[in-house]
Amino acid sequence: MVHIVGAGCGAPDLITLRGKRLLEEADVIIYAGSLVNRELLDYAKEGCEIHDSAKMTLEETVTVMDAAEKAGKTTVRLHTGDPSLYGAIGEQMRELNRLGIEYDITPGVSSFAGAAAALKTEYTLPDVSQTVIISRAAGRTPVPEKESLSALAAHGATMVLFLSAGLLDKVTEELTAGGYSLDTPAAIVYKASWDDEKVCRCTVGTLKQTAEENGITKTALITVGQFLESEFTRSKLYDPGFSTEYREATK
Ligand code: SAH
């Protein structure tokens, strides 16, 4: 059995209770060494076989899982954040299906949630934005044409960009082409929830300069939108004049 586990975005105590239990029980752990906090490996039992997938190809990780399976062992494949976002688990599951190896998935705290916590903000403010667009700038990995940042920017919604910290000239160019002004609030969140976390508030026009001044080239999210500083109306949910399934309006 293979357990695909979300490690959370950095701080080791952000892993779920289930994820921690699976790590403690695993005979083999394959972790994404480029981003997963190594402190999580302290949960591994004595004698657990540990591999860093940052140095391996898909074929090599699948070979390790296949050998473990044949020996009746349990494998944890530990991915950063939540495995469903930019985790390359799709291709891995396709191989496991092909080999008839059973697997399940344990979600994790994605860095987009870690970044909101670091910023102490809510992405979905009433009357400001009720939509979060999660995307990335096209780099060595292409992005479908209809999902270009300029096309997505046209919504004026909250945007969270992964894997884009090295492409900030292009990000500013595309966001402005799509309709954001250069002075739209933005923030770069570096290593959310790690000890060396950095939160840099700026604007769409100063993204590149801000990253350079703070020495940030990777492991960062770019967030964009009025949620970062808007005046906003209060939510209906906790409004005394609004009835819900659980509470009668009181005025
Ligand atoms: N599955 C992960 C994302 C993996 S892709 C998740 O859910 O978070 C790797 C990218 O995620 C990095 O390039 C960076 O953009 C972002 N990232 C991962 N951890 C981060 C963190 N702690 N702080 C900010 N960005 C992070």
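Under 13 Å from the Cβ of residue 8, count the other residues' Cβ atoms, weight Lys and Arg +1, Asp and Glu -1, and hand me the total. Could the numbers behind the result be given before it?
Values: positive: 18, 20, 191; negative: 13, 39, 82.
Charge balance in the 13 Å sphere: 0.
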> Add -39500 (n - 2.57) for each DSSP H run of 4 or more in the chain, then divide by its residues: what number comes out at 222 nm, to the nearest 500 deg cm²/dmol?
Replying inline: -7000 deg cm²/dmol
> For the chain, what is the relative contact order in percent, using Cα pairs closer than 8 Å and at least 6 residues apart in sequence?
Replying inline: 19 percent
> Cα axis of helix 89-99 to longest principal axis of the chain: angle in degrees, 0 to 90, nearest 10?
Replying inline: 30 degrees
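Considering lysine pairs in the range 2-106 that are 8 or more places apart or on different chains, how many have Cα atoms under 21 Å apart? Could the numbers behind the result be given before it?
On the way: 20/45; 20/73; 45/70; 45/73.
Close lysine pairs found across the range 2-106: 4.
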>> I'd like the Karplus ³J(HN,Hα) series for the range 122-132: coefficients 6.51, -1.76, 1.60, θ = phi - 60°, whole numbers in Hz, and an x wherever there's a Gly or Pro.
In response: 10, 5, 10, 8, x, 6, 9, 7, 10, 9, 10
>> Quick check: from the Cα gyration tensor, does the range 21-114 come out rounded (a/c under 1.5), prolate or oblate?
In response: oblate
> Along the charge dipole of the chain, which of 243, 155, 97 sits closest to the positive end, that is, farthest toward it, with unit charges on the beta carbon of Lys, Arg, Asp and Glu (+1, +1, -1, -1)?
Replying inline: 243
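Report the percentage of all Cα-Cα pairs in the range 4-64 whose separation exceeds 16 Å, rounded to a whole percent. Walk me through the numbers on the way to the answer.
On the way: 759 of 1830 pairs.
That tail contains 41 percent of the Cα-Cα pairs.
Take each of the peptides 19-28, 67-76, average the number of other beta-carbon atoms within 10 Å over its residues, and list them starting from the highest.
Final packing ranking: 19-28, 67-76.
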> Could you give the angle, 0 to 90 degrees to the nearest 10, between helix 168-177's Cα long axis and the longest principal axis of the Cα atoms of the chain?
Replying inline: 50 degrees
> Tell me, what ³J(HN,Hα) does each residue in the range 196-208 have, in order and in whole Hz, if you take phi through Karplus 6.51 cos²θ - 1.76 cosθ + 1.60 with θ = phi - 60° and put x for Gly and Pro?
Replying inline: 9, 3, 10, 10, 10, 8, 7, 10, 4, x, 10, 4, 5
> Just the Cα atoms of the range 95-251: what Rg and Dmax do they give in Å?
Replying inline: 18.5, 62
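Take the alpha carbon gyration tensor of the range 64-136, find the square roots of its eigenvalues, order them as a ≥ b ≥ c, and report rounded if a/c is under 1.5; if not, report prolate when a/b exceeds b/c, else oblate. Walk me through the numbers before you get to the answer.
Numbers: a/c = 4.17, a/b = 2.77, b/c = 1.51.
It is prolate, given that a/c is not under 1.5 and a/b is the larger ratio.
Nearest 0.05, what FRET efficiency do residue 13 and residue 122 give at R0 = 25 Å with Cβ-Cβ as r?
Values: r = 23 Å, r/R0 = 0.91.
Here the calculated transfer efficiency is 0.65.
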> Which stretch or stretches of the range 182-209 have amide N atoms under 16 Å from the point lying 7 Å from residue 169's Cα along the Cα→Cβ direction?
Replying inline: 205-209
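Taking the Cα centre of the range 111-228 as origin, sum charge times position over the Cβ atoms of Lys and Arg (+1) and Asp and Glu (-1), and report the length of that vector in debye to the nearest 20. Spell out each step's value before the answer.
On the way: 10 positive and 13 negative charges, 44 e Å.
The calculated dipole for the range 111-228 is roughly 200 debye.
Calculate how many DSSP beta bridges within the chain are antiparallel, expressed in % of all such bridges and rounded to the nearest 5.
On the way: 16 of 38 bridges.
Here the share of antiparallel DSSP bridges comes out near 40 percent.
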>> Suppose a student asked you for the relative contact order of the range 2-106, using Cα pairs under 8 Å spaced at least 6 residues apart; what percent would you report?
In response: 43 percent
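Just so you know, all these numbers are worked out from the coordinates, no wet-lab data involved. Please read these numbers as outputs of a predicted model, since none were measured by experiment. For neighbour counting, all protein chains shown are included, and Cβ atoms are generated from backbone atoms with ideal geometry for every residue, glycine included.
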